[in-house]
Amino acid sequence: MAFEKMELKDIEVWDGNRAAAQALRQAQVDVVAAYPITPSTPIVEGYAQFTADGYVEGEFVMVESEHAAMSACIGAAAAGGRVATATSSQGLALMSETLYQASGMRLPIVLNLVNRALASPLNVNGDHSDMYMVRDSGWIQFDAYCPQEAYDLNLIAFKVSEDHDIRLPAVVNQDGFMTSHTAQGVHTLSDDAAYGFVGEFKPMNDMLDFEHPVTHGVQTEEDWHFEHKARQHNDLMTKVFPKIEATFAEFEKLTGRKYNLVEKYDMDDADVCVVCLGSSVETAREVAREARAGGIKAGVVGLRVFRPFPFMQIADALKDVKAIATLDRSSPNGAAGALFNEVAGALFNTDTKALLSGYIYGLGGRDLTKAHLTALFKELQANVDAGKVTTPLQQFIGVRGPKLAYL
């Protein structure tokens, strides 16, 4: 039975979850296996509704846990299907074992990760603990700042992930509630244009191709495990960059919307800048413009691709900056924030004299306000004026009680 097309306006008012569900529909995903968890539930719920209404010739499989959800996705992808799911927080934690299986087997699954704090204590609101937890699991990771990007990046993720030179699974991150449940205008593609961009799914090494038998889920031990990890999970990841950039260029030609591995805002003459992820990028951009009106040459750098980490592009974006703050929305538990460490690593062997400091913010959904960022840009300018970091190397923004800082 041919699927029924859905008429869309040029602009729809969607939240991030609805935008992602529509992208799954337009990509004509064959299988979504899922176990619902806040705040990602509406994505798989939306796909299930589309299948029930005849808009997708796919299957929605309700399983008993998130571990089972990704296990079912792995089976469906290994059998030659276009596959996707969604989860958050504790669901991702339960799913994490199987993520390494999916990447090791080179299965192009797309996972919508609606970012949410990890327990304990239990919290259903957004931070980046779950994104950080699986950063080294061998999955490509895209980062959406708003519902429009949640829609666009899902289509892009399918095209990159399914490329026969790549064949790696991909995560599309969006901030829980701040993006997933905030409705904005989303510029849409027609069903034909969206599916034409993603392309027809072309299986590779699928288990149901009995004329070309393959082995999945092998055991290697010390004789070949090192080569598998070094040559596949690491070397192959470095080849993802040009494929992503080519796909970004193709998407821009189709839609006029331009994406980069690293997004730079007001960075041409910036003396100070913040580096951040998710919905905080848009808030930081607004405050940076206001800081410029007050005489501070402020800029913002946002990561569009978190894995593989764009070390060279980050170093280039920050090469002329005098003071940098990284914003980590995850508790480092006594260490420097993950983004701080990544940026420090990118800058270490360069000629930069930039002063680098790290800030922890927004845990469990705590707001990052304009006042917080205004004060931060002033602190960065004070560092520039003093020629040294004048505040603790790592500190917390917006936590109640006595000021917390370390390092």
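The numbers here are math on the coordinates, done by the rules we state, and not lab data. The shown structure was predicted, so the numbers you read here are calculated from the model rather than taken from an experiment. Backbone-built Cβ (ideal geometry, glycine too); neighbour counts: all protein chains shown.
Positive contributions from Lys and Arg (+1) and negative ones from Asp and Glu (-1), summed over other residues with Cβ under 12 Å from the Cβ of Ile37, come out at -2. A Förster radius of 45 Å, combined with the Cβ-Cβ distance separating Asn341 from Glu250, puts the computed FRET efficiency at roughly 0.85. Could you compute the FRET efficiency for Glu97 and Thr350, with r as their C-beta to C-beta distance and R0 at 51 Å, rounded to 0.05? Result of the calculation: an efficiency of 0.85. Length gained on full extension, Ser120 to Ala230: 36.2 nm, using 0.36 nm per residue less the C-alpha separation.
If you stretched the chain out fully between Ala371 and Val399, how much longer would it get, using 0.36 nm times the residue separation minus the C-alpha to C-alpha distance?
Gain on extension, Ala371 to Val399, equals 8.7 nm.
Using the per-residue mean of other Cβ atoms lying within 10 Å as a proxy for protection, in what order, highest first, do the peptides 49-61, 12-24 fall? Kindly include the intermediate steps, with their values, before the conclusion.
Working: 49-61: 17.1, 12-24: 25.2.
Answer by packing, highest mean first, reads 12-24, 49-61.
Label reach from Ser190 (point 7 Å along Cα→C-beta): in region 243-271, amide nitrogens under 17 Å belong to 254-256.
Residues Phe142, Phe248 in ascending order of nearby Cβ atoms (within 10 Å, fewest first): Phe248, Phe142. Ranked by the mean number of other Cβ atoms within 10 Å of their residues, highest first, the peptides 215-222, 306-313, 323-330, 183-190 come out as 323-330, 306-313, 183-190, 215-222. Helices in the chain, meaning DSSP H runs of at least 4 residues, each add -39500 (n - 2.57). Divided by all residues, the mean residue ellipticity at 222 nm is -11500 deg cm²/dmol.
The Leu8 and Lys202 beta-carbon pair, evaluated with R₀ = 22 Å, returns a calculated FRET efficiency of approximately 0.25. In a reduced charge model with +1 at each Lys and Arg Cβ and -1 at each Asp and Glu Cβ, region 11-255 shows a dipole moment near 280 debye about its Cα centre. Considering only beta bridges that DSSP places wholly inside the chain, some 25 percent are antiparallel.
The distance linking region 204-237 with region 301-322 is 31 Å (Cα centroid to Cα centroid, whole angstrom).
The distance linking region 252-300 with region 1-78 is 33 Å (Cα centroid to Cα centroid, whole angstrom).
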